[in-house]
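Notes follow the structure.
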Amino acid sequence: MKTIRLLSALMLLAVIIWDCKKDDENRPPSKPKLLEPAQGAVVAPEKITFKWEESIDAEGEDIYYEIFLSSDSLVWSAITYAKPSGTEVINQSGYYFFPFEFGKKYYWKVVAESHSGGGITGTSESDVISFYTYSTGVESLSKASGDGFVNLTWTDPAGLSKVEVTFTPAVNGITQPITVNPGIGKLELQGMANSTVYSFYVKAFNSIGLASKVDSIKAMPLALTLVHDYNFNIYSTVQIGTQTWLRENLRATRWQNGNEMKNSYYKFYEISSQSNIYGYYYYVDAAINGTDGKNPCPCGYHVPSDDEWKTLERFLGMPEAELDGMFLNRGENEEVGKLLKSTTGWEDYAVTNDGNGSDLYGFKLLPAGFYDFHSFMYAGEFADIWTSTNYGEDSNLSRRLSYQNKSIRRQAFGGSGAISIRCVKD
């Protein structure tokens, strides 16, 4: 009997010791819960941000994380010292790097490790989640528009199965999305409303049905005598001799390539309270017709050169002997300036001298004045207009028309001054 009691006591003691031992064992951190990218998500391959919920360690030990990435769920690559609040992994060389490609499926998981005394005391592993990268999009997306039509063109990416195009606002009779098969690379739309800005959204799909990021472009169809700049300001046009000119001064704030007309120091233009009438005022930097897309005029137009102004002046009747002159009364006897000035808006010069023009050809030139010394000056009296022709440091040749005479003055302008731009067709 004593032997049985002793064995029972020993067994009870062993159970107590075992229970205490279990309580003393270090428990692993909680299983990480993956958040982004979620299951089935489609993301850009250039840079992917991974997020998950922080694990909890019952003993309060430090937790370190590793992201594991795979293209087949068999072979894994580790990203160490990852942060659950957001770890960015790029597809170019760097510390957090993985060779993501366009239009592929990938897998990811996270391992949480608790550390104490310089060693790992426990690990836990998340579920595995798969996601996709965007397919390669179209290249060189461009547009052309005219009277009631918009044409889009692009270059197909490799492995294309189809291109889908949608646009807003919708047009009756055009079903969306519009599917374009490989090898076509264009879409021609008729029945569009003139003077309406349409936004087009283009997606390319690869052979496994993955879509690209959306490429977008805007277009505005217009009547034949109208054009627009990058800001979609609308201008009417007029044919004078062999040239086609805008009938209004420029109001663009972006180059033809879409970039804003400014550098790191200042904008290339000024806007007055009457710019809705006179147009904007541009510094000499904007009048150069840069070959890198820095053309302020509507597509198909440019800032006229000194020679192109001479072509206009010659057509208006200015004598050849006066074309190259730098004096006040060029073409005064022929009233070449009066032919371009608007019929209203110009101040009178003395009681008997009307400053307005005859606007014989519909050029409709208004007296915008100019901007200098931090002020807008001489509106109603002068019209100063850039040419693209350089005339020394920080200045170009320009033209001035005045309420005081009927001529066109050829002069240099620049420095801190800003004047009007009137565009001519290429």
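A short reminder: the numbers here are calculations on the coordinates, not readings from a lab. A quick note: this is a predicted structure, and the numbers were derived from the prediction, not measured. Here the Cβ is made from the backbone with ideal geometry for all residues, glycine too, and neighbour counts use every protein chain on show.
Numbers for the structure displayed
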read-out	value
Amide H within-cut-off set for Glu248, under 5 Å, with H built and near neighbours excluded	Ser236
Where labels lie 7 Å past Cα in the beta-carbon direction, separation of Tyr81 and Asp426 in nm	5.2 nm
Sum of -39500 (n - 2.57) over DSSP H runs of 4+, divided by residues of the chain (222 nm, nearest 500)	-3000 deg cm²/dmol
Val138 long-range amide H proximity, modeled H, under 5 Å	Ala204
Coordinate range along principal axes, alpha carbons of the stretch 227-425, Å, largest first	48, 35, 33
Local electrostatic count at Met326 - Lys and Arg +1, Asp and Glu -1, tallied over other residues with Cβ under 14 Å	+2
Loop sites in the stretch 100-184: GluC sites (Glu not before Pro), DSSP, at most 16 other Cβ within 10 Å	Glu101
Option label - mean projected area of the Cα convex hull in nm² computed here, alternatives (i) 35.1; (ii) 31.2; (iii) 29.9	(i)
Loop-resident sites, the stretch 312-374, for chymotrypsin sites (Phe, Trp or Tyr not before Pro), counting at most 15 other Cβ within 10 Å (DSSP)	Phe327, Phe373
Most fluctuating residue given options Thr121, Thr352, Thr168, as computed from a GNM of the chain linking Cα atoms under 10 Å	Thr352
Set Lys218/Lys262; Lys310/Lys406; Lys310/Lys364; Lys83/Lys203 screened for pairs whose C-alpha atoms are more than 28 Å apart	Lys83/Lys203
Under Karplus coefficients 6.51, -1.76 and 1.60, residue-wise ³J(HN,Hα) of the stretch 258-275 in Hz, glycine/proline x	x, 6, 5, 7, 7, 10, 6, 10, 7, 6, 8, 8, 10, 10, 9, 5, 10, 5
Least to most buried among Arg422, Arg400 (fewest other Cβ within 10 Å first)	Arg400, Arg422
Sorted by Cβ neighbour density within 10 Å, fewest at the top, the residues Ser126, Ser161	Ser161, Ser126
Residue of Leu250, Leu34, Leu365 that the Gaussian network model of the chain assigns the largest fluctuation, springs spanning Cα pairs under 10 Å	Leu34
Length released on extending from Val214 to Asp72, taking residue separation times 0.36 nm less the Cα-Cα span	48.4 nm
Formal net charge of residues neighbouring Lys33 (Cβ-Cβ distance under 13 Å; K, R +1; D, E -1)	-2
FRET efficiency, 1/(1 + (r/R0)^6) with R0 30 Å, evaluated for Ile277 and Phe149 via beta carbons	0.40
Distant-in-sequence amide H partners of Ala223 (H built 1.01 Å from N, under 5 Å)	Ser195
Rounded to whole Å, sorted largest first: equivalent-ellipsoid semi-axes of the stretch 33-133, Cα gyration tensor	25, 13, 12
Rg over Rh [alpha-carbon atoms, Kirkwood Rh] for the stretch 297-383	0.99
